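Below is one structure; the comments refer to it alone.
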Amino acid sequence: MACTHTFTAAWFAVLLALPVSGLAAAPGPNAATPAPVMTMQGMETGTATVMATAPGRTATPTVPTEPGQGAFGALQQIVQILEADPHTDWSKVNLDALREHLIDMDRVTLDAHAVVRRIPGGFRATVSGTGRTLVAIQRLLPEEAMHLNRMRGWQVTATREPNGVILAVTTGDPNQVAMIRGLGFAGILASGNFHPMHHLEIARGEPMD
């Protein structure tokens, strides 16, 4: 018995001295595939290597996509739509008219002076400007009022004045008054999703109702 205890103790000491990796069993036929190894250049996937990106970030594009200017990008998109449509009537297409409309939008959004006051049911904005900005105000705001009148039951009027337009937006719904006032002059102009299709109508030379 003494020999058996001595032999067992000796082997136990040898096992303790072995590294942990030495105790790992050889993978069997049903063993799981080891996890991919992350490298500085990418991730090994067994048969291919893909570039790794940090979490929450997209891969760096290899082809530029930004047109560099908002109005140019809008025109470019419309041109692509017209070219892809086999029914486009090029004898009616008028992209210069769309360019003028985009200039109007730019001048009204960035250059017009707007004084907004609360009135019962909404607000009234006195919008003024000079030169090309005045032209844009008096051309764009009545058009916008026509479109906005179809939305959410709002009442929108645009009254031309010598130096601009008075834009009034009201509602009979008490639950929407705060929303209208919160949107204000700039937010009201950006409301709705009719602008892209309206731009396509202008470019196609279609009548605007």
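Estimated at 0.36 nm per residue, the fully extended path between A190 and V63 surpasses their Cα-Cα distance by 42.6 nm. Here the gap between Q155 and Q176, fully extended at 0.36 nm per residue and compared with their Cα-Cα distance, gives a gain of 6.4 nm.
Spin-label model, E143/Q76: points 7 Å from Cα along the beta carbon direction are separated by 2.3 nm. Once C-alpha pairs closer than 8 Å and six or more residues apart are averaged by separation and normalised to the residue number of region 70-204, the relative contact order reads 28 percent. Derived scalar couplings between HN and Hα for region 154-161 equal 6, 9, 10, 10, 10, 10, 5, 10 Hz in order, rounded to whole Hz, by the Karplus curve 6.51 cos²θ - 1.76 cosθ + 1.60 (θ = phi - 60°), x for Gly and Pro. Near T170: Cβ cut-off under 13 Å, other residues only, Lys/Arg at +1 and Asp/Glu at -1. The net charge is +4.
The listed peptides 82-93, 60-71, 147-158, ordered by packing as a protection proxy, come out as 147-158, 82-93, 60-71 (highest mean of other Cβ atoms within 10 Å first). With K and R counted +1 and D and E -1, the other residues having a Cβ less than 12 Å from that of K92 yield a net charge of -2.
Read-outs throughout are calculated quantities, based only on the coordinates presented, and are distinct from any laboratory measurement. A quick note: this is a predicted structure, and the numbers were derived from the prediction, not measured. Quick reminder, even Gly has a Cβ in these numbers, built from the backbone with ideal geometry, and neighbours come from all protein chains shown.
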